[in-house]
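Q: Take a look at this one; I'll ask things after.
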Amino acid sequence: MNKLQIKSALEILPPLKKITKKKAPIMKGYDTTDKEIKRAWKQDKPLTLSLYLDAKCNLRCLYCFTRGGTLTENNLTEKEYKKIIDEAFKLGVKRVIFTGRGEPLFYFPLLKKLLKYIKEKGGWNIVLTNAILMTPKIAKELYDLNCSVMTKINSFNSKIQDELTGVSDVAKKMYRGLNYLVRAGFNKTIPTRLANDNLICRLNYKEIPFMAQYFTSHNIQYVMEKILWMGRAIDNMGKLKITKEELKELLEGLKKKSVED
């Protein structure tokens, strides 16, 4: 990996650490056991509730299958969200993921109320965020609210990261937001409370082995995701679609960087 390619991220994030664990970390909330899954299937009960908080977004990602960023109408009220949460918990749900077509931190006052409500019911929260709006204060509040966080950083090269988001000069804000979460201690727990979701595409596939090694070294779950060919992803297929040869190169790189080495 060319050091110039990762300078923009690693001048903000902590340096790569030596990997001492054999097993890659799994974030709390994503650590459901096979036994729990089998029991849920047998009882025909859900394990997870996913909630959207409108669609306002500060990015226009090339791969967004929902074409996120267009505001929605007739959104749920706080009371309606809580009613849905109550019904889900009656069915056996104990984990709520806040995701959607937009950025949840745009709605932080509402998000905070819902996180607190779920915490008081004994549940666990997962917040998916691009981390641009993250601050030390928000990171601390999230940490105190029974919450895991998953960021969406696809490249340590700021130019590639910006290109994938469709917005200029946001990469360093995303790296900084992730760093606030690290400083708040999300990756200091066992299991970790921090993960990063990385889309596999032509623009970033050469970086992925290093990024997997980097996040693992900091006790951050590293999730690799395939493109869902819908929405803006179809419009940008030429930049995103990975060839069989590129996929083979990626897999060989991952093998060399395996945490089990």
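The values are calculated or read from the model by the stated rules, or taken from the named source; none is laboratory data. Just so you know, these numbers come straight off a predicted model, no measurement behind them. When we count neighbours, we look across all protein chains shown, and the Cβ atoms used for this are built from the backbone with ideal geometry, even at glycine. Keep in mind that these areas ignore ligands, DNA and RNA; they rest on the heavy atoms of the full protein, side chains included. Shrake-Rupley method; radii C 1.70, N 1.55, O 1.52, S 1.80 Å.
Q: Roughly speaking, to the nearest percent, how much of the chain's 1.4 Å accessible area is carbon and sulfur?
A: 55
Q: Averaged across orientations, what area in nm² does the convex hull of the alpha carbons in the range 151-261 project?
A: Average projection, Cα convex hull of the range 151-261: 7.4 nm².
Q: Test of understanding: express the Cα radius of gyration of the range 43-116 as a ratio to 2.2 N^0.38 Å, with N the residue count. Mind dumping the intermediate values first?
A: Details: Rg = 13.5 Å, N = 74, 2.2 N^0.38 = 11.3 Å.
Here the answer is 1.20, to two decimals.
Q: Quick check on packing: order 240-250, 212-222, 56-66 by the mean number of other C-beta atoms within 10 Å, highest mean leading.
A: Top to bottom by mean Cβ count within 10 Å: 212-222, 56-66, 240-250.
Q: Which of the helices in the chain, when you take each full DSSP H run, stretch at least 15 Å along the axis at their Cα atoms and have an average Kyte-Doolittle score of -1.0 or higher?
A: Details: long enough: 78-90 (18 Å, -1.33); 108-120 (18 Å, 0.04); 171-184 (20 Å, -0.43); 244-256 (18 Å, -1.14).
Helices meeting the span and hydropathy rule in the chain are 108-120, 171-184.
Q: What are the principal axis extents of the Cα atoms in the chain, in Å, biggest first?
A: Dimensions of the chain along the principal axes of its Cα atoms: 50, 41, 38 Å.
Q: Still on this structure, please answer the following. In whole Å, what are the extents of the range 117-185 along the principal axes defined by its C-alpha atoms, from largest to smallest?
A: Principal-axis extents of the Cα atoms in the range 117-185, largest first: 42, 19, 15 Å.
Q: Sticking with this structure for a sec: List the pairs from 18/121; 45/79; 45/116; 38/79 whose alpha-carbon separation is above 31 Å, in the order I gave them. Before the final figure, lay out each step's value.
A: Details: 18/121 39 Å; 45/79 24 Å; 45/116 24 Å; 38/79 33 Å.
Where the Cα-Cα span goes over 31 Å, the pairs concerned are 18/121; 38/79.
Q: Within 15 Å, Cβ to Cβ, of residue 99, how many net charges do the neighbouring residues add up to if Lys/Arg are +1 and Asp/Glu are -1?
A: Working: positive: 56, 95, 101, 152; negative: 54, 103, 197, 225.
Taking every Cβ under 15 Å from that of residue 99, the sum is 0.
Q: Quick one: plug the Kirkwood hydrodynamic radius of the range 101-153 (C-alpha pairs) into Stokes-Einstein at 20 °C, 1.002 mPa s, and report D in µm²/s.
A: Once the numbers are plugged in, D ends up at 191 µm²/s.
Q: Here's something else I'd like to know. Can you pull out the cysteines in the chain that have no other Cys Cβ under 4.7 Å?
A: So far as the 4.7 Å Cβ criterion goes, 57, 147, 201 stand without a partner in the chain.
Q: Can you work out the Karplus-derived ³J(HN,Hα) for every residue in the range 52-58? Use 6.51 cos²θ - 1.76 cosθ + 1.60 with θ = phi - 60°, whole Hz, and x for glycine or proline.
A: Listing the rounded values in order: 9, 10, 6, 10, 5, 9, 9 Hz.
Q: On to the next question. For the peptides 69-81, 194-206, 146-158, 85-97, what is the packing order when you average, over each peptide's residues, the other Cβ atoms within 10 Å and list the highest mean first?
A: 146-158, 194-206, 85-97, 69-81
Q: Where the centre of each part is set by its Cα atoms, how far does the range 169-212 sit from the range 117-162, in angstrom?
A: 11
Q: Where does the range 164-221 land on Rg/Rh, using Cα atoms and the Kirkwood Rh?
A: 1.00
Q: Roughly what would the spin-label model give for residue 77 and residue 11, points 7 Å off Cα along C-beta, in nm?
A: About 5.0 nm, to one decimal.
Q: Based on alpha-carbon positions alone, could you give the equivalent ellipsoid semi-axes of the range 43-83 from the gyration tensor, as √(5λ), descending, whole Å?
A: 25, 17, 7
Q: Placing unit charges on C-beta atoms (Lys and Arg positive, Asp and Glu negative, everything else neutral), compute the dipole magnitude of the chain about its Cα centre in debye, rounded to 20. Write out the running numbers ahead of the final one.
A: On the way: 49 positive and 28 negative charges, 131 e Å.
That gives the chain a dipole magnitude of about 640 debye.
Q: Counting only heavy atoms of protein chains, what accessible area per residue, in Å², does the chain have with a probe of 1.4 Å?
A: 54
Q: Total Lys pairs in the range 214-261 closer than 15 Å by alpha-carbon, pairs eight or more apart in sequence or interchain only?
A: Here the count comes out as 6.
Q: Additional query: Quick one: plug the Kirkwood hydrodynamic radius of the range 55-208 (C-alpha pairs) into Stokes-Einstein at 10 °C, 1.306 mPa s, and report D in µm²/s.
A: Working: Rh = 16.4 Å.
The diffusion coefficient I find is 97 µm²/s.
Q: Still on this structure, I have one more. Considering just Cα atoms, how many Å³ per residue does the convex hull of the range 1-134 enclose?
A: 179
Q: Hey, another quick one. How high is the FRET efficiency between residue 135 and residue 239 when r is their beta carbon distance and R₀ equals 30 Å, given to the nearest 0.05?
A: FRET efficiency, residue 135 to residue 239: 0.40.
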